[in-house]
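Presented below is the structure to which this report refers.
The values are calculated or read from the model by the stated rules, or taken from the named source; none is laboratory data. All figures in this text were calculated on a predicted structure; none of them were measured in a lab. As a convention, Cβ positions derive from the backbone with ideal geometry for all residues, glycine included, and neighbour counts pool all protein chains shown. Side chains included, ligands, DNA and RNA excluded: accessible areas come from the protein's heavy atoms. Shrake-Rupley method; radii C 1.70, N 1.55, O 1.52, S 1.80 Å.
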Amino acid sequence: MTSKERFDLTVNHKQPDRMVVDFGSTPVTGIHVLSIEKLRKFYGLDYKPVRVTDPLQMLGEVDQELAEVLEVDVVGAKGQKNSFGFFNHEPFKEFKTPWGQIVLVPEDFNTTKDEKGDFLIYPGGDISAQPSGRMPATGYFFDAIIRQQPITEENLDPNDNLEEYGLVSESDLEYWEKTTQKARATGKAVIAGLGGTALGDIAHVPGIKLKNPKGIRDITEWYMSILIRPEYIKAIFDRQTEIALENFRRLFKVIGDNIDAVYICGTDFGTQDSTFCSPEQFDDLWLPYYRKINDWVHANTNWKTFKHSCGAVEPFLSRFIEAGFDIINPVQVNAKGMDPDHLKKTYGKDLVFWGGGIDTQKTLPYSSPEKIREEVLRLCDIFAKDGGFVFNTVHNIQANVPVENVVAMVDAIKEFNTT
């Protein structure tokens with residue numbers, strides 16, 4: 001089977017010849033640049049600076065060489081610009097990270113240091129603007145800098161929280177046509193992050209790509225607004241959904257069947273032990289908009305829709321299904337109520353589990369290679385039965401995971417796929 005054939009069976013809940021594997025196709029299924037450099041060295045690949053694909057999280061490119069070693073079946077079609085709002089492709093330049101690694105970054109990846117030695121990064125790469133991200137001197141990725149302007153209730157305008165959302169340009173359409181054609185030519189399954197459908201994704205709320213973000217940009221204030229300003233939130237979601245669907249109409253004309261899945265939203269609804277909001281709040285604030293987006297995708301395309309949410313979201317899985325999502329990620333098996341057997345038996349006929357192959361909070365960074373092997377084989381045995389499972393970790397592989405542990409995980413995947 002080709003990777004695409006294998007993927008098509010999997011997402012339609014049929015058993016493929018082997019389990020589908022993803023590393024690096026999305027910003028929530030990736031690998032930190034430091035871990036990628038260590039993996040390349042371990043597997044004897046020629047040294048080269050790792051390209052940063054996601055500056056916010058400092059995720060690296062899983063290039064063709066490494067993808068072959070990891071037996072990856074999925075590639076990502078990524079947008080022209082990154083979360084800081086600057087062009088995310090060639091030409092590249094070298095950047096020395098706080099931990100001493102030389103990586104490749106886009107030309108407009110511009111940083112300064114503050115008095116503590118922290119790295120500051122700027123919206124659109126413009127160092128004359130206020131910085132919108134900070135990487136601590138001892139850190140491994142950027143945190144958003146909150147630049148909330150004073151709020152007065154009578155002057156709140158939902159359009160201020162829509163500044164970064166707009167209709168795709170001719171340049172965007174040209175880019176997506178070429179990018180998805182190139183991705184399709186790999187023979188692998190393709191997932192695209194077309195953008196515009198964040199609907200409260202907390203990574204987007206601070207507006208780190210904007211030089212002067214207006215509206216509600218403080219994360220705490222946003223969560224409070226869910227309770228005290230629901231009509232304001234609905235007005236944002238209403239217009240964002242309208243824009244997104246018009247963009248999907250335009251994009252589908254040039255993309256067509258060049259992609260297999262679309263990343264819809266990364267809004268988290270779970271903590272380690274509970275949900276962020278009540279089911280009733282979800283039904284009121286999110287469900288109608290998710291359903292509208294997913295219904296359009298399913299009525300007009302062959303794409304599958306991908307929903308990311310960390311945490312203890314078992315109480316919401318039936319609602320994700322009702323909203324029309326095909327795929328759930330990262331399947332945080334160590335959170336409350338997220339028992340793998342229960343998830344597969346209860347929701348496995350309706351949802352594809354993309355992730356959940358190993359716990360990245362405790363097992364992958366801190367356990368022995370043998371314990372890692374045992375967990376991978378156990379979870380794959382549960383999730384991969386009758387299709388409906390794409391192997392990935394529970395969220396991204398972080399910087400300081402011992403390389404021998406990552407290799408033990410890879411070896412266990414290959415063992416499962418050959419037995």
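Laid out as a table, the results:
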item	result
Given (1) in contact with a Phe, Trp or Tyr (Cβ under 8 Å, 6 or more places away or on another chain); (2) open to solvent by 50 Å² or more (accessible area, probe 1.4 Å); (3) under 28 Å from VAL262 (Cβ atoms), number of the condition LYS385 does not satisfy	(1)
Members of the range 346-355 found to be in a helix (DSSP H, G or I) and open to solvent by less than 40 Å² (accessible area, probe 1.4 Å), listed by number	TYR347
Pair list, Cβ < 9 Å and 6+ apart or interchain, from the range 114-142 residues that are open to solvent by less than 40 Å² (accessible area, probe 1.4 Å) to residues that are part of a helix (DSSP H, G or I)	ALA129/PRO123; PRO131/PRO123; SER132/PRO123; GLY133/PRO123
Pair list, Cβ under 7 Å, 6 or more apart: the range 231-246 residue more than 16 Å from GLN281 (Cα to Cα), other residue of a type in the set (D, E, K, R) and open to solvent by 20 Å² or more (accessible area, probe 1.4 Å)	THR241/LYS292
Any hit, the range 356-373, residues being open to solvent by 30 Å² or more (accessible area, probe 1.4 Å), under 26 Å from GLN57 (Cα atoms) and touching a Leu at 6+ places or on another chain (Cβ under 7 Å)	no
Tally of residues being surrounded by fewer than 21 Cβ atoms within 10 Å (Cβ to Cβ) and in contact with a Pro (Cβ under 9 Å, 6 or more places away or on another chain) across the range 331-345	1
Cβ-Cβ under 7 Å pairs, at least 6 apart or on other chains, the range 66-91 side over 17 Å from TRP176 (Cα atoms), far side aromatic (Phe, Trp, Tyr) and buried (at least 22 other Cβ atoms within 10 Å of the Cβ)	LEU70/PHE23; VAL72/PHE23; ASP73/PHE7; VAL74/PHE7
Some residue of the range 25-39 being outside any loop (DSSP other than H, G, I, E, B), touching a strand residue (DSSP E or B) at 6+ places or on another chain (Cβ under 9 Å) and acidic (Asp, Glu)	yes
Residue list for the range 86-103, restricted to those being of a type in the set (A, V, I, L, M, F, W, C) and under 21 Å from GLY139 (Cβ atoms)	PHE86, PHE95, TRP99, ILE102, VAL103
Residue list for the range 86-100, filter: loosely packed, with under 10 Cβ neighbours inside 10 Å and touching an Asp or Glu at 6+ places or on another chain (Cβ under 7 Å)	PRO91
Residue ID - most open to solvent (accessible area, probe 1.4 Å), chosen from residues in the range 143-169 that are acidic (Asp, Glu) and under 30 Å from PHE252 (Cα atoms)	GLU163
Residue ID - least open to solvent (accessible area, probe 1.4 Å), chosen from residues in the range 38-85 that are among the aromatic types (Phe, Trp, Tyr) and farther than 26 Å from SER169 by Cβ	TYR43
Inter-residue pairs, beta-carbon under 9 Å, first closer than 24 Å to TYR47 by Cα and of a type in the set (Ser, Thr, Tyr) and in the range 14-36, second open to solvent by 10 Å² or more (accessible area, probe 1.4 Å) and part of a helix (DSSP H, G or I), 6+ apart	SER35/VAL403
